[in-house]
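Comments concern the structure below.
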Amino acid sequence: MRLLLVEDDHLLANGLTSQLEKAGFSIDLTHTAKEALSLGKQEDYRACVLDLGLPDGSGLDVLRSWRAEKADFPVLILTARANWQDKVNGLKAGADDYLAKPFQSEELIARLYAIIRRSEGRGHALMAAGRFELDEHRQTVKLSDGTEASLTGTEFRLLRCLMSRPGQVFSKEQLMEQLYNLDDNPSDNVIEAYIRRLRKLVGADTIVTRRGQGYMFNDTP
Ligand code: CA
């Protein structure tokens, strides 16, 4: 799942990046309002963590501008103070949740998963598709025979993406975007290699290749 992290405190941003990557996100990090504004409008994010006090502007203005341009990914704002007005203004500007600094990264991650689930119309941490169940907290998939398999971070992100919209064809480029951030340069056949590994777990007929188009999670094999 691709996530935009907007935070000008470099120490906090770097720490959060590694925590969020462990939790299954691929992170684009920016320190400025200007870059955040254009990334949010151009890229396909599943969620955003947005600091309000940025060196070249206000996170609130960035958020208002995204919402005005129909960039509707869920946004969690970080407020420097436990100031109720910041929270109210953030929610009014289109934020989905907020967290006051200092905070525990576990709470941030739990809240992020919650707003992403709501944006996908789900109420709990299990994503079911066909005969399979994906557990977001434990990064495991339960197979049709009842056994559970642990997934690596990349396997989890790829399977989660496919299972989130069964029947939809994802191009290799779309999958790469959800798996890797702008600074990574993965080779072209990396997706194929991961698809092969996932097929060993869920069966070849569950992840279908559409020649020339991409891959699709088949929930009725
Ligand atoms: Ca700040």
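The values are calculated or read from the model by the stated rules, or taken from the named source; none is laboratory data. Note that the structure is a prediction, hence the values are computed from the model and not measured. Don't worry about glycine lacking a Cβ; one is built from the backbone with ideal geometry, like all the others, and counts go over all protein chains shown. Note: areas computed on protein heavy atoms with side chains; ligands, DNA, RNA excluded. Shrake-Rupley method; radii C 1.70, N 1.55, O 1.52, S 1.80 Å.
The number of residues in the stretch 16-56 being touching a residue at least 60 places away in the same chain (Cβ under 8 Å), small (Gly, Ala, Ser) and more than 24 Å from ASP86 (Cα to Cα) comes to 3. Taking the conditions (1) within 17 Å of the chain's Cα centre (by Cα); (2) surrounded by fewer than 16 Cβ atoms within 10 Å (Cβ to Cβ); (3) under 30 Å from GLU35 (Cβ atoms) in turn, GLN178 satisfies each one other than (2).
Considering every residue within the stretch 71-86, establish whether at least one is within 15 Å of the ligand (Cβ to nearest atom), within 30 Å of MET127 (Cα to Cα) and at pLDDT below 95. Yes: the stretch 71-86 contains one or more residues that are within 15 Å of the ligand (Cβ to nearest atom), within 30 Å of MET127 (Cα to Cα) and at pLDDT below 95. Among what's in the stretch 116-130 and is in contact (Cβ under 8 Å) with a residue 60 or more places away in the chain and touching a helix residue (DSSP H, G or I) at 6+ places or on another chain (Cβ under 9 Å), pick the residue that is farthest from ALA23 (Cα to Cα). So the residue we want is GLY130. If you go through the stretch 115-149 and pick out every residue that is open to solvent by less than 20 Å² (accessible area, probe 1.4 Å) and closer than 19 Å to ALA95 by Cα, you end up with 2.
Within the stretch 191-221, being aliphatic (A, V, I, L, M) and open to solvent by 30 Å² or more (accessible area, probe 1.4 Å) holds for ALA193, LEU201, ALA204, VAL208. The single condition among (1) over 17 Å from SER119 (Cα atoms); (2) under 21 Å from the mean Cα position of the chain (by Cα); (3) charged (D, E, K, R); (4) surrounded by 15 or more Cβ atoms within 10 Å (Cβ to Cβ) that ASP9 does not meet is (2).
When only residues in the stretch 120-134 that are charged (D, E, K, R) and modelled with pLDDT of 85 or more count, which is nearest to ALA47 (Cα to Cα)? Talk me through it step by step, then tell me what you get.
So the first thing to find is which residues in the stretch 120-134 are charged (D, E, K, R), and the list is 120, 122, 131, 133.
If we keep only those that are modelled with pLDDT of 85 or more too, we end up with 120, 131, 133.
Values: GLU120: 11, ARG131: 27, GLU133: 22 Å.
For the stretch 120-134, the residue satisfying everything is GLU120.
Restricting the stretch 38-56 to residues that are within 16 Å of the ligand (Cβ to nearest atom) and open to solvent by 30 Å² or more (accessible area, probe 1.4 Å) leaves a set whose member that is nearest to LYS92 (Cα to Cα) is GLY53.
Selection over the stretch 81-111 of residues that are in contact with a strand residue (DSSP E or B) (Cβ under 7 Å, 6 or more places away or on another chain), among the aliphatic types (A, V, I, L, M) and open to solvent by less than 40 Å² (accessible area, probe 1.4 Å) gives a count of 4.
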